[in-house]
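Trainee: Can you read through this structure? Questions will come right after.
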Amino acid sequence: MIIVASTNGKVGIWAAMEVLRGGGTAIDAVEAGIRLVESNPEDTTVGLGGIPNLLGEVELDASIMDGRTLAAGAVAALRGYEHPISIARKVMEELPHVLLAGPGAERFAAEMGFERRELLTEKARQTWEEQLRKAMPETVLANLEGEPALRQWVQRVRESRRGGGTVNFLAQDADGNICAGVSTSGQGWKYPGRVGDSPLIGAGNYADNRYGAAACTGLGEMAILTGTAHSVVLYLKMGLSLEEAGRQAMEDFHALADLYQGALSIVALDKDGHHAAFSNREGTTYVYMTGEMDEPEELPRVSAA
Ligand code: GLY
């Protein structure tokens with residue numbers, strides 16, 4: 001039994017391990033762990049308290065993948081629901097689809113009995129506004145909804161703020177089944193409707209019991225363009241070690257145009273329970289906890305620029 005998470009997943013890792021210790025599945029553990037991160041208002045990159053898009057709306061993306069069956073569920077650009085990971089799980093369980101976006105995802109959440117909630121905290125709103133004030137004149141800020149060339153402003157705000165947050169959870173339960181989950185509020189100040197890698201199976205999330213699992217945090221466009229999470233699992237399938245698979249997936253970023261170069265990190269787990277994490281930035285960490293441990297351990301990621 002093991003849980004591997006991005007470091008901001010620490011708030012949920014004990015709960016996830018408790019699920020596994022109680023005989024729960026990897027899917028139950030991933031959902032339980034991520035829900036606590038989604039409810040943490042201090043985390044400005046996931047769920048409640050996430051930095052909003054350019055218009056001040058919190059838009060959430062999430063996905064979950066079952067390594068037993070390769071079934072997956074995801075939601076994108078979802079507004080007004082605190083736990084996109086649970087809605088993603090319901091998409092996987094209740095629909096013959098993988099990904100629901102925007103109003104359709106919200107309609108489905110209501111149908112499944114999820115409660116609406118305001119997700120924009122005062123702290124996130126202030127951060128959002130301060131950044132916009134640096135990038136644009138008061139006249140534009142006062143009428144963002146009506147701004148005819150919104151795209152120029154999102155680009156200017158982004159120039160000083162590349163990268164991002166997001167939470168990753170990978171779990172392997174007592175039966176050896178693997179699940180991967182990802183949840184995010186995406187890039188702060190993004191163009192409304194921008195969807196990152198987190199809800200895209202193969203980009204930000206992939207799990208296959210036969211080989212392993214991987215998930216990403218950071219600039220989602222990089223993971224979308226190179227299919228990062230699936231690449232890691234494919235490299236494992238091709239016989240590379242976990243460390244070689246992660247390094248190879250990071251190397252794939254070198255071909256990207258400068259517009260899509262930013263910070264990107266990966267957590268990975270193989271079918272035998274070995275774990276590793278990678279980043280193209282120095283000094284980053286991840287956390288893991290096995291069934292024998294009382295506390296999670298925080299380890300450095302392999303730095304692979
Ligand atoms: N990795 C999260 C995002 O780019 O939206």
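Trainee: Ranking request for peptides 233-240, 129-136: highest mean number of other beta-carbon atoms within 10 Å first, then the rest in descending order.
Mentor: For the peptides 233-240, 129-136, the packing ranking is 233-240, 129-136.
Trainee: In a GNM of the chain with a 10 Å cut-off on Cα contacts, which of Glu38, Glu57, Glu18 has the highest mean-square fluctuation?
Mentor: Between Glu38, Glu57, Glu18, it is Glu18 that shows the largest mean-square fluctuation.
Trainee: Return the distance in nm (one decimal) between the two label points of a simple spin-label model at Arg210 and Glu18, each offset 7 Å from Cα along Cα→Cβ.
Mentor: Simple spin-label model gives 3.7 nm for this pair.
Trainee: Each label point is 7 Å from the Cα along the Cα-to-Cβ direction; what then is the distance between the points at Thr290 and Glu244, in nm?
Mentor: 2.4
Trainee: Then there is this: Calculated from DSSP H runs of 4 or more alone, at -39500 (n - 2.57) each and per residue, what is the 222 nm mean residue ellipticity of the chain, nearest 500?
Mentor: -10000 deg cm²/dmol
Trainee: State the extension gain, in nm to one decimal, for the chain segment bounded by Asp258 and Ala110, taking 0.36 nm per residue of separation less the distance between their alpha-carbons. Write out the running numbers ahead of the final one.
Mentor: Details: separation 148, 0.36 × 148 = 53.28 nm, distance 4.06 nm.
Full-extension gain reported as 49.2 nm.
Trainee: Got a sec? How would Asp258, Asp43, Asp175, Asp28 order by Cβ neighbour count within 10 Å, fewest to most?
Mentor: Ranked by crowding around the Cβ, least crowded first: Asp258, Asp175, Asp28, Asp43.
Trainee: Please give the length that would be gained between Glu57 and Thr69 if that part of the chain were fully extended, namely 0.36 nm times their separation in residues minus their C-alpha to C-alpha distance (nm, one decimal).
Mentor: Value of the extension gain: 0.8 nm.
Trainee: May I pose another question? Taking a point 7 angstrom from the Cα of Leu95 along the C-beta vector, which residues in the range 61-84 have backbone N less than 14 Å away?
Mentor: 61-64, 72-79, 84
Trainee: Taking amide H positions as placed in the peptide plane 1.01 Å from N, state which residues far from Ala215 in sequence (5 or more) or on other chains have amide H under 5 Å from it.
Mentor: Val267
Trainee: Continuing with the same structure: Rg (Å, one decimal) plus Dmax (Å, integer) for the alpha carbons of the chain?
Mentor: Looking at the chain, its Cα Rg and Dmax stand at 18.3, 59 Å.
Trainee: Would you order Met1, Met112 from fewest to most other beta-carbon atoms within 10 Å of each residue's own beta-carbon?
Mentor: Arranged by neighbour count, lowest to highest, Met1, Met112 become Met112, Met1.
Trainee: Another question, then. In whole Hz and in residue order, list the ³J(HN,Hα) couplings for the range 18-31 that follow from phi through the Karplus curve 6.51 cos²θ - 1.76 cosθ + 1.60, θ = phi - 60°; x for Gly and Pro.
Mentor: Values per residue, Gly and Pro as x: 4, 4, 5, 5, x, x, x, 7, 4, 5, 4, 5, 4, 5 Hz.
Trainee: Next up: Can you work out the Karplus-derived ³J(HN,Hα) for every residue in the range 52-66? Use 6.51 cos²θ - 1.76 cosθ + 1.60 with θ = phi - 60°, whole Hz, and x for glycine or proline.
Mentor: These are the phi-based 3J(HN,Hα) values: x, 6, 4, 8, x, 9, 7, 10, 10, 10, 7, 8, 9, 9, 9 Hz.
Trainee: Also, quick follow-up: What length, rounded to one decimal in nm, is gained on full extension from Leu225 through to Glu298, with 0.36 nm per residue of separation minus their alpha-carbon distance?
Mentor: Once the chain is fully extended between Leu225 and Glu298, it gains 23.4 nm.
Throughout, read-outs are computed from the coordinates displayed, never taken from laboratory work. Owing to the predicted nature of the structure, the values given are computational and were not obtained by experimental measurement. Here Cβ is always computed from backbone atoms with ideal geometry, including for glycine, and neighbour counts include all displayed protein chains.
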